[in-house]
Amino acid sequence: MEDSPNQTNEFNVGQRVHASGDSTRIGTVKYVGNVEGYSDTWVGIDWDYGGGKHDGSINNVRYFHAKSEKSGSFVRPKNLCKGISLLQALEKRYRSNSTKDEEEEMYVFSTSNKKVSIELLGTSEINDKLSRFEELTNASLAYMGVSSPGIPCELSSTVPNIKELDLSGNLLSEWKDVGIICEQLPALKALNLSYNLMSPYKSELPLLKRIRVIVLNNTGVDWEQVELLKQSLTTIEELHIMGNNISRIMPVSSSMVQGFDSLRLLNLEDNCIAEWSEIMKLSQLRCLEQLYLNKNCLNSLFYPDNGCQYYESEVTSCKPFQNLRCLLLGDNNISDLASVDSLNLFPNLVDIRLSGNPITDSTKGGVPRFVLIARLAKIQILNGSEITSRERKDSEIRYVRLVISRLHASPEEIKQHPRFSELKNFYGIEDQKPLIGATGGPQAISSGFLSITLKCVGASMGEKQPMTKKLPATTTVGKLKFLCESFFKLKSMKLKLFLQEEGSPLPMLLDNDASSLMDHGVGNDSVILVDEDS
């Protein structure tokens, strides 16, 4: 059997419902009718978050198709709730009295083990204010089973001053209901519809000039739906569409997204976008200042001026991403330094997140924080941490010295460091040429001594005072481990070393025993953590 068109007086296929007594357990009605071998009417539910018993079939008879093997189940109608109106939810949330159980929770035990009732300071005043609906400006009705606006005229007259409304995790699915809610709340500026499974946009919404922020995370809304919605959301400033399985940006009338003349923040996190060419379709959004792309599938990025004529015919009215200041790219698959270098070409970019990409993971050939800072000339905030003027100076000097040490072995590598010459000249750092020591062996000036503080952090190492040592910059990681065994008397312990960098939330593992301290960018006054290798 396929999804049934049958319906009872209470439920029909496609309807959103929740389990009686648990408004957080939400699902979609996929079948209403008889089940072979069982009496009376059953409702087949595909639960949003799993927790079912089957995939829509039972005893080799298929009644509906659930989205996973264990998200479907059959439920008696009496055990399901089809929801309440928005006004009913407001009454329940802000005007209902505490239950007996809630009241019994508000006590402490006295020294004689007797219950003493308590009242939180200001609670009565706050509750009194919230119960006066005409003064209510912010309302949170998350997971309260809201399925309809209710009687429109009652809504507008009861809560005329609501500016922010959180309806996440409810049973709304029709855009016409959303339109009614927005029209009937004249002061509404921010609306959160996350975790409401929205049906495809069919009829036009009214013009919603007052809405500035709309959150549509995990609603199933794709970019085609966004293009239709923008006709009504003409003054939208923030658009959040996380977790909607979006893989393509699909403009309606051209290859570039147009409109959204007031959009400052676009949140596309936790989607499936793999190609940067899709993101370039957003590059003509003139007011866009913040673009969130964490947790997608991006492998690389580019800017059209970076030796690439991509969209040259399109990018004529203004520079791509001309006002973008914040770009979050965490937890993607970016692994190349060319992508990092291209970020310098964004005209106003100052805040970037790259954490969680292979390019920042030393175990996958990534580079440490100081290298990223040196390569990104204009960035002021990296991975959520502000880059101080001191950190930038130290990072750029360390970077130049690191590159110099590598150029002796591979002169052609200079092509991979577009900022090297600029920084070398800016800081007046001379080339460090090999010299012949008294023993006749080559000795580089770059192998000058570094002052390094060593700190034991291993759980079984005991209390050991940090030590500051002067070591040659050419000291290998393996040699330093051997020295640490001697310094801290750790003869029977296998060690691992971490470089603790200013501004970096986690220390960097020094994982290559053959690499020198200079190769890892260890500079003067660095701190190295000594841990046990489990």
### Message
So for region 177-199 (the condition being in contact (Cβ under 8 Å) with a residue 12 or more places away in the chain and in contact with a His (Cβ under 7 Å, 6 or more places away or on another chain)), does at least one residue qualify?
### Response
no
### Query
For region 190-236, which residues satisfy the criterion of being among the charged types (D, E, K, R) and either under 22 Å from Ile273 (Cβ atoms) or modelled with pLDDT of 95 or more (or both)?
Arg212, Asp222, Glu224, Glu227, Lys230
### Task
For region 23-32, indicate whether the set of residues that are touching a residue at least 24 places away in the same chain (Cβ under 8 Å), open to solvent by 60 Å² or more (accessible area, probe 1.4 Å) and within 23 Å of Ser85 (Cα to Cα) is non-empty.
yes
### Task
May I ask you to list the residues in region 204-254 that are open to solvent by 60 Å² or more (accessible area, probe 1.4 Å) and not in a loop (DSSP other than H, G, I, E, B)?
Glu224, Leu228
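Could you check region 366-381 and list, in sequence order, the residues that are surrounded by fewer than 16 Cβ atoms within 10 Å (Cβ to Cβ) and over 24 Å from the mean Cα position of the chain (by Cα)?
Once the filter is applied, which keeps residues that are surrounded by fewer than 16 Cβ atoms within 10 Å (Cβ to Cβ) and over 24 Å from the mean Cα position of the chain (by Cα), region 366-381 yields only Ala377.
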### Task
Counting only residues that are farther than 26 Å from Leu407 by Cα, give me the strands (runs of 3 or more DSSP E) lying completely in region 474-534 with at least 1 of them.
495-500, 526-532
### Task
Scan (1) under 17 Å from Arg93 (Cα atoms); (2) modelled with pLDDT under 90; (3) open to solvent by less than 30 Å² (accessible area, probe 1.4 Å) for the single condition Thr123 breaks and write down its number.
(3)
### Task
Being open to solvent by less than 40 Å² (accessible area, probe 1.4 Å) and not in a loop (DSSP other than H, G, I, E, B) is the filter here, so list the residues in region 258-291 that pass it.
Leu265, Leu266, Asn267, Trp276, Ser277, Glu278, Ile279, Met280, Leu291
## Note on the structure
Of the residues in region 169-187, those that are open to solvent by 50 Å² or more (accessible area, probe 1.4 Å) and not in a helix (DSSP H, G or I) number 2
### Task
Please determine, by comparing only the residues of region 352-365 that are over 20 Å from His520 (Cβ atoms) and touching a residue at least 40 places away in the same chain (Cβ under 8 Å), which one is least open to solvent (accessible area, probe 1.4 Å).
Gly356
### Message
Out of everything in region 382-406 that is assigned to a helix (DSSP H, G or I), open to solvent by 10 Å² or more (accessible area, probe 1.4 Å) and polar (S, T, N, Q), what residue ends up being modelled with the lowest pLDDT?
### Response
Ser405
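The rows are residues; the columns are (1) surrounded by fewer than 17 Cβ atoms within 10 Å (Cβ to Cβ); (2) at pLDDT 90 or above; (3) among the aliphatic types (A, V, I, L, M).
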{"residue": "Gly50", "(1), (2), (3)": "yes, no, no"}
{"residue": "Ser57", "(1), (2), (3)": "yes, yes, no"}
{"residue": "Tyr63", "(1), (2), (3)": "no, yes, no"}
{"residue": "Ser68", "(1), (2), (3)": "yes, yes, no"}
{"residue": "Val75", "(1), (2), (3)": "no, yes, yes"}
{"residue": "Lys78", "(1), (2), (3)": "yes, yes, no"}
{"residue": "Gly83", "(1), (2), (3)": "no, yes, no"}
{"residue": "Leu86", "(1), (2), (3)": "no, yes, yes"}
{"residue": "Glu91", "(1), (2), (3)": "yes, yes, no"}
### Task
Scan region 448-473 for residues that are open to solvent by 40 Å² or more (accessible area, probe 1.4 Å) and part of a loop (DSSP other than H, G, I, E, B) and jot them down.
Val457, Ala459, Ser460, Gly462, Glu463, Lys464, Gln465, Pro466
### Hey, Glu238 within 27 Å of Ser342 (Cα to Cα) and not β-branched (Val, Ile, Thr) or not
yes
### Task
Keeping to region 292-321, report how many residues are at pLDDT 95 or above, open to solvent by 10 Å² or more (accessible area, probe 1.4 Å) and more than 19 Å from Pro358 (Cβ to Cβ).
1
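The values are calculated or read from the model by the stated rules, or taken from the named source; none is laboratory data. Everything quoted here is computed from the prediction, not taken from an experiment. Every residue, glycine as well, gets a Cβ built from its backbone with ideal geometry; the counts of neighbours run over all protein chains shown. Accessible surface is based on the protein model in full, side chains and every heavy atom, while ligands, DNA and RNA are left aside. Shrake-Rupley method; radii C 1.70, N 1.55, O 1.52, S 1.80 Å.
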